[in-house]
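The values are calculated or read from the model by the stated rules, or taken from the named source; none is laboratory data. These figures come from a predicted structure and were not determined experimentally. Positions of Cβ are generated from backbone atoms using ideal geometry, with glycine treated the same way; all protein chains shown enter the neighbour counts.
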Amino acid sequence: MNVEDMIPASERAAEVMRSLSHPQRLLVLCALGKEEKSVAQLRRELGGVAQVPMSQQLMRLRADGLVTSRRDGTTVYYRVASGEVLSIVEALHATFCPPQKRSARKPAKRKRG
């Protein structure tokens, strides 16, 4: 890794990492993944997080440029703003979240003969 290549981008990288440093913001980004979701969907997926804290975290993520939003009537939808943010979230997921256990399957029967 060439550190000199990182110098121009280091401030932006540090800003992204600061925004990701709150567990609830990180979970919001994980829940969004590659999809667009409403605030109500996010609250359900994250175990019923109260409206005010959820709104505060979404506002911070939007202000930091990590998510974008669109309004459809009274519903606001959010999505991850860029591929670079999604790549970071996916890397964190791969590093810190254990793989899903596959459902127990019966071993294949051996053919005799």
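Residue by residue, here is whether (1) of a type outside the set (Gly, Ala, Ser); (2) touching a strand residue (DSSP E or B) at 6+ places or on another chain (Cβ under 6 Å); (3) modelled with pLDDT under 90 holds:
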{"position": "MET6", "(1), (2), (3)": "yes, no, yes"}
{"position": "HIS22", "(1), (2), (3)": "yes, no, no"}
{"position": "GLY47", "(1), (2), (3)": "no, no, no"}
{"position": "MET54", "(1), (2), (3)": "yes, no, no"}
{"position": "ALA91", "(1), (2), (3)": "no, no, no"}
{"position": "ALA94", "(1), (2), (3)": "no, no, no"}
{"position": "PRO107", "(1), (2), (3)": "yes, no, yes"}
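With respect to VAL49, determine if the residue is part of a loop (DSSP other than H, G, I, E, B) and surrounded by 15 or more Cβ atoms within 10 Å (Cβ to Cβ).
The answer is yes for VAL49.
ALA14 versus (1) modelled with pLDDT under 95; (2) more than 30 Å from VAL3 (Cβ to Cβ); (3) over 15 Å from the mean Cα position of the chain (by Cα): which is the lone unmet condition?
Unmet condition: (2).
What pairs come out if I take residues in the range 12-23 that are over 14 Å from LEU58 (Cα atoms) and pair them with residues that are modelled with pLDDT under 90 whose C-beta lies under 8 Å away, six or more apart or interchain?
ALA13/MET6
Taking the range 54-75, which residues are in a helix (DSSP H, G or I) and either surrounded by 11 or more Cβ atoms within 10 Å (Cβ to Cβ) or at positive phi (or both)?
MET54, SER55, GLN56, GLN57, LEU58, MET59, ARG60, LEU61, ARG62 - these are the residues of the range 54-75 that are in a helix (DSSP H, G or I) and either surrounded by 11 or more Cβ atoms within 10 Å (Cβ to Cβ) or at positive phi (or both).
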